[in-house]
Structure formats: C-alpha cells, structure tokens
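Read through the structure below, which is laid out as structure tokens, and then see the notes.
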Amino acid sequence: MNNKLNVKDLINVGIFSAIYFVMFFISGMTGFVPIFAVIFPAILSILGGIPFMLFLTKTRKFGMITIMGILMGILTFLMGQSWIAIITGFVCGLFADWIYKAGKYASWKHILSSYCIFSLWVIGSMLPMWVMKDAFFAGVRAGQGAEFTDALLAYINSRVLLGIIVLTVLCAVAGAFLGRGILKKHFKRAGIV
Amino acid sequence: MKAQLFQSASVHTQIRLDPRTKLYLLLAVNVIMLNSNTVGTSAYIKALLAVIPFLLLLTSRRRNGAVCFAIFYLAAQCGRIFLYNQTTGVADIIIRMLIELMLRFVPGMTLGYYMLSTTRVGEFLAAMERIHLTQKLTIPLSVMFRFLPTIAEEYRSIRDAMRMRGIAGIFGKNPSAALEYRMVPLMMSIVKIGNELSAAALTRGLGSPVKRTNICKIGFCVWDAVFSLMATASAVSYLLLT
C-alpha cells in the first residue's frame with residue numbers, strides 16, 4: 001500500500017475537519033454561559049465523536065490526524081483565539097496518529113485512546129487563562145487582601161485544569177462509544193464505511 | 001453568519017491589505033493582548049493596539065461592526081477604571097474576570113472577523129503559497145472553507161425535511177435522538193459530496209506535480225507598511241517597557 005498522502009486523503013481531511021469544526025462552533029456557542037466556558041472541551045469531545053470515528057475509518061495513513069489538529073489550531077487562531085492551540089493541535093494530533101498507527105489502524109483500544117488524546121488539543125485555546133492568572137490575581141491581591149486571594153488561588157490552581165483534562169477524557173470515551181454505535185447502526189448498513 | 005466568511009466574491013474595502021499582513025497583525029495583536037502584563041505603560045500600548053481592528057473595520061464598509069467593537073472595548077476600559085474594588089469578595093473577582101476577558105479576547109476576535117470577512121479564499125491560498133506553506137496544509141484548508149457553507153445548506157435541508165415529516169418537535173424529550181437524526185443524514189450527504197469533490201479536483205489536476213497558477217493578485221502596498229509598522233512598534237515598545 002502506498003503510504004504517502006495523496007490528494008484524496010487531503011480532501012478527506014478537509015471534509016472531516018469542516019464537520020468537526022462545526023461541532024467545535026456549536027459547543028463554543030454554549031460557552032457564552034460562564035460555567036459552560038470551562039466545560040466546553042467536554043461537550044466538544046462528545047459531539048466530535050461521531051465525525052471523528054467516521055474520519056478514522058477513512059484514514060489508513062500516518063499524518064492525517066496531525067494535519068487535522070494543526071487545521072483546528074489555525075482556524076481557532078484565525079478566529080482570534082490564542083496561537084497556542086496550533087502547537088497543542090500539532091502535538092495532540094501527532095500522538096493520536098502514533099497511537100492509531102500502533103494499533104494497525106484497526107484496534108478499538110487504540111482508536112479509543114487516540115481520540116482521547118486528540119480531544120485535548122482544545123485545552124490550548126484555554127491555556128492563556130491559566131498563564132495570565134498570576135497577573136490577574138496580582139490586581140485582585142491589591143484590592144482584596146492577600147489572605148482571601150491565596151485561599152482562592154489555592155482552589156483554582158492546577159486542580160481545575162486537571163479536572164477539565166479528566167472530564168474531557170471521560171467525555172471523549174463517551175463520544176467514541178457514541179460514534180462507534182452510530183457507525184455500526186447506520187453507516188455500515190448504508191455501505192459508506 | 002457562516003456564509004459571509006471567506007467568500008469567493010470580491011470584497012470592497014478602501015484599504016486593501018495583503019493577506020500576509022493581516023496574518024501578521026493578527027499574530028501581533030494576539031500575542032500582546034493575551035500576554036499577562038496589564039500595569040503601567042503596557043496598558044496604554046494595548047489600548048493603542050486595539051485601534052488597529054477598529055480602523056480596519058471602519059475602512060472596509062463594516063461601520064456597524066467597528067462602532068460595536070469601539071463601544072464594547074471602551075465600556076470594558078471604563079469598567080477597568082471605575083468598577084474595580086467597588087465590591088468585595090467573589091463579586092469583585094467575577095467583575096474583574098469578565099472585564100479582563102473582554103479586554104483580552106475582543107480585539108483579537110474582532111481582527112479575526114475582519115480577516116475572515118475581507119479575504120477571499122483564492123487570495124488566502126495565494127498568500128499561503130507565497131510563504132511556502134506545504135500543500136498538505138493548503139489543500140485541506142481550502143476544502144474546509146469550501147465545505148462550511150455546504151454543511152450549513154445541507155443542514156437547512158435536513159431540518160426542513162424533518163419538519164415536513166413532523167418529527168421536529170420530539171427533541172426536548174430525547175436529546176440523543178436529536179443528535180442522531182441530525183448528524184447521520186448530514187454526514188451521509190457530506191461524505192457523498194466529498195467523494196464527488198475529490199473526483200472533480202483530480203480531474204482538474206489538483207494532484208499533479210506541476211506548480212498551480214492563481215488568478216488572485218496579491219502584493220504589498222503603502223497601507224501594509226503602515227499597519228505593520230504600527231504593530232511592530234507596539235510590540236517592540238511593549239517588550240522593551242515590560
């Protein structure tokens with residue numbers, strides 16, 4: 001089998017990136033409600049499961065998931081979010097590619113963990129919130145006193161970020177099962193897979 | 001909203017910037033605005049940098065957008081000056097959080113909107129080719145922009161079909177069915193259109209090793225220099241002063 005990416009593969013990447021991006025947009029819409037802004041990666045990983053599982057059935061070559069990750073990063077950058085997402089998109093996509101390849105492009109366990117890793121790219125667009133935390137709380141400290149600030153900071157610190165990562169991975173598992181279920185129920189029967 | 005992003009018809013702007021300049025401006029604003037320092041002179045530099053998206057929207061016949069952005073940004077600045085430390089405890093934190101988020105993200109998002117709404121797909125691709133981005137990225141990227149309006153259109157048809165069969169109302173009760181009924185037909189038709197698209201693209205020689213030509217003329221002019229200098233000057237002074 002020819003392992004180089006040809007035009008058909010690249011077009012497939014584009015199509016599924018577009019569908020996945022629509023899912024990103026829908027889950028981003030819910031982010032206007034403040035509490036949802038924190039858990040929107042989790043919503044995305046549930047919604048994105050269906051297109052991603054279908055995408056993986058069309059992928060038998062190394063590099064396609066990486067390209068999708070970079071595309072997501074570029075697109076969120078073009079929409080004015082942080083450029084860090086391009087890097088996380090690349091890294092997460094690359095790891096997801098490796099895992100998928102290690103499973104010979106067929107093993108369900110590898111597919112599952114591949115999707116979990118890929119879903120984490122979206123953390124990159126939120127990362128500035130944590131990076132800029134210190135400067136933000138310097139202002140709070142000046143206004144509210146150190147004791148209160150330290151208590152709050154201890155609460156917010158990495159624990160929330162870790163919580164988001166865990167939640168995202170859990171939802172990615174749910175999304176992957178949902179995607180596989182729908183794939184079995186509809187697409188196999190229709191002869192698309 | 002989707003339909004007007006990256007359209008293929010030409011866009012009227014009084015100041016025509018090269019896509020590469022737009023990307024550069026976006027990067028500069030993005031990096032500086034999201035940087036954490038907000039005290040002293042750096043706050044003024046950030047405010048100065050926020051003028052760029054305003055000017056660009058104003059000169060590209062998007063006066064409403066420009067005014068909305070200005071009101072929004074000025075309100076956030078006023079909030080930063082007057083509202084901080086007016087309340088205590090959690091309320092103050094929430095107010096600060098909202099205002100800081102607005103100050104940081106709104107200029108970048110506005111510039112992103114400008115970029116997407118005033119650049120044609122062809123122009124964007126020509127610029128990407130000039131900076132020697134690999135075809136492995138430009139082809140999926142262009143397919144993606146070509147597909148976003150198609151998805152919206154297909155989705156509208158599916159919704160109409162569901163309404164005609166009288167199954168549009170059940171979704172409050174059963175969200176997973178809602179997802180399934182919408183996603184499955186959508187993806188079926190998208191995959192089918194995608195196959196047709198790749199056949200069409202191959203027929204037109206997309207996969208051939210020959211260098212492709214592009215009808216769009218892009219190039220730098222005076223305004224590119226002006227805006228790039230503005231962004232560069234802000235970035236350099238920001239780095240030197242903090």
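The values are calculated or read from the model by the stated rules, or taken from the named source; none is laboratory data. Just so it is clear, the structure is predicted and the values come from calculations on it, not from any experiment. Positions of Cβ are backbone-derived with ideal geometry, glycine not excepted, and every protein chain shown enters the neighbour counts. Heavy atoms of the whole protein, side chains included, go into the accessibility calculation; ligands, DNA and RNA do not. Shrake-Rupley method; radii C 1.70, N 1.55, O 1.52, S 1.80 Å.
The residue pairs whose first member lies in the range A:1-29 and is facing chain B (nearest Cβ under 10 Å), whose second member is of a type in the set (S, T, N, Q) and open to solvent by less than 20 Å² (accessible area, probe 1.4 Å), and whose beta carbons are closer than 6 Å, counting only pairs six or more residues apart or on different chains, are A:LYS8/B:SER198; A:ILE11/B:SER198. Taken as a whole, the range B:116-136 holds at least one residue that is more than 8 Å from chain A (Cβ to nearest Cβ), acidic (Asp, Glu), open to solvent by less than 40 Å² (accessible area, probe 1.4 Å) and more than 30 Å from B:CYS78 (Cβ to Cβ).
Return a yes/no flag: does the range B:171-185 have any residue that is at the interface with chain A (Cβ under 7 Å from one of its Cβ atoms), more than 17 Å from B:ARG20 (Cβ to Cβ) and under 21 Å from the mean Cα position of the chain (by Cα).
Taking the range B:171-185 as the starting set, the residues that turn out to be at the interface with chain A (Cβ under 7 Å from one of its Cβ atoms) are B:180, B:183-184.
Filter once more, so that each one left must be more than 17 Å from B:ARG20 (Cβ to Cβ): B:180, B:183-184.
Adding the requirement that they be under 21 Å from the mean Cα position of the chain (by Cα) leaves none.
So far as the range B:171-185 goes, no, none of its residues is at the interface with chain A (Cβ under 7 Å from one of its Cβ atoms), more than 17 Å from B:ARG20 (Cβ to Cβ) and under 21 Å from the mean Cα position of the chain (by Cα).
Residues are listed down the side, and each one gets a yes or a no for (1) among the basic types (Lys, Arg); (2) in contact (Cβ under 8 Å) with a residue 40 or more places away in the chain; (3) part of a helix (DSSP H, G or I); (4) in contact with a strand residue (DSSP E or B) (Cβ under 7 Å, 6 or more places away or on another chain):
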{"residue": "B:PHE124", "(1), (2), (3), (4)": "no, yes, yes, no"}
{"residue": "B:HIS132", "(1), (2), (3), (4)": "no, no, no, no"}
{"residue": "B:LEU137", "(1), (2), (3), (4)": "no, no, yes, no"}
{"residue": "B:MET144", "(1), (2), (3), (4)": "no, no, yes, no"}
{"residue": "B:PHE147", "(1), (2), (3), (4)": "no, yes, yes, no"}
{"residue": "B:GLU153", "(1), (2), (3), (4)": "no, no, yes, no"}
{"residue": "B:VAL191", "(1), (2), (3), (4)": "no, no, yes, no"}
{"residue": "B:PHE220", "(1), (2), (3), (4)": "no, yes, no, no"}
{"residue": "B:ASP224", "(1), (2), (3), (4)": "no, yes, yes, no"}
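Does B:MET144 meet the test of being modelled with pLDDT of 85 or more and more than 9 Å from every other protein chain (Cβ to nearest Cβ)? No; evaluated as a whole, the condition is false for this residue.
Of all residues in the range B:78-97, those satisfying the criterion of being surrounded by 14 or more Cβ atoms within 10 Å (Cβ to Cβ), outside any loop (DSSP other than H, G, I, E, B) and more than 8 Å from chain A (Cβ to nearest Cβ) are B:GLY79, B:ARG80, B:ILE95.
Quick one: how many residues across the range B:24-53 are within 14 Å of chain A (Cβ to nearest Cβ), touching a residue at least 40 places away in the same chain (Cβ under 8 Å) and part of a helix (DSSP H, G or I)? Spell out how you get there, then give the answer.
First pass over the range B:24-53, keeping only residues within 14 Å of chain A (Cβ to nearest Cβ): B:24-40, B:42-43, B:46, B:49-50, B:52-53.
This time we only want the ones that are touching a residue at least 40 places away in the same chain (Cβ under 8 Å), so: B:24-26, B:28-35, B:37-38, B:40, B:42, B:46, B:49-50, B:52-53.
In the following step, the residues that additionally are part of a helix (DSSP H, G or I) were identified as B:24-26, B:28-34, B:42, B:46, B:49, B:52-53.
Count: 15.
Just to be sure before I move on: is B:LEU111 assigned to a helix (DSSP H, G or I) and either exposed (fewer than 14 other Cβ atoms within 10 Å of the Cβ) or modelled with pLDDT under 80 (or both) in the structure I sent? No.
The rows are residues; the columns are (1) in a helix (DSSP H, G or I); (2) of a type outside the set (Gly, Ala, Ser); (3) under 21 Å from A:ILE46 (Cα atoms); (4) at pLDDT below 75.
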site: A:CYS92; (1), (2), (3), (4): yes, yes, yes, no
site: A:PHE118; (1), (2), (3), (4): yes, yes, yes, no
site: A:TRP130; (1), (2), (3), (4): yes, yes, no, yes
site: A:ASP134; (1), (2), (3), (4): yes, yes, no, yes
site: A:GLY163; (1), (2), (3), (4): yes, no, yes, no
site: A:VAL166; (1), (2), (3), (4): yes, yes, yes, no
site: A:VAL169; (1), (2), (3), (4): yes, yes, yes, no
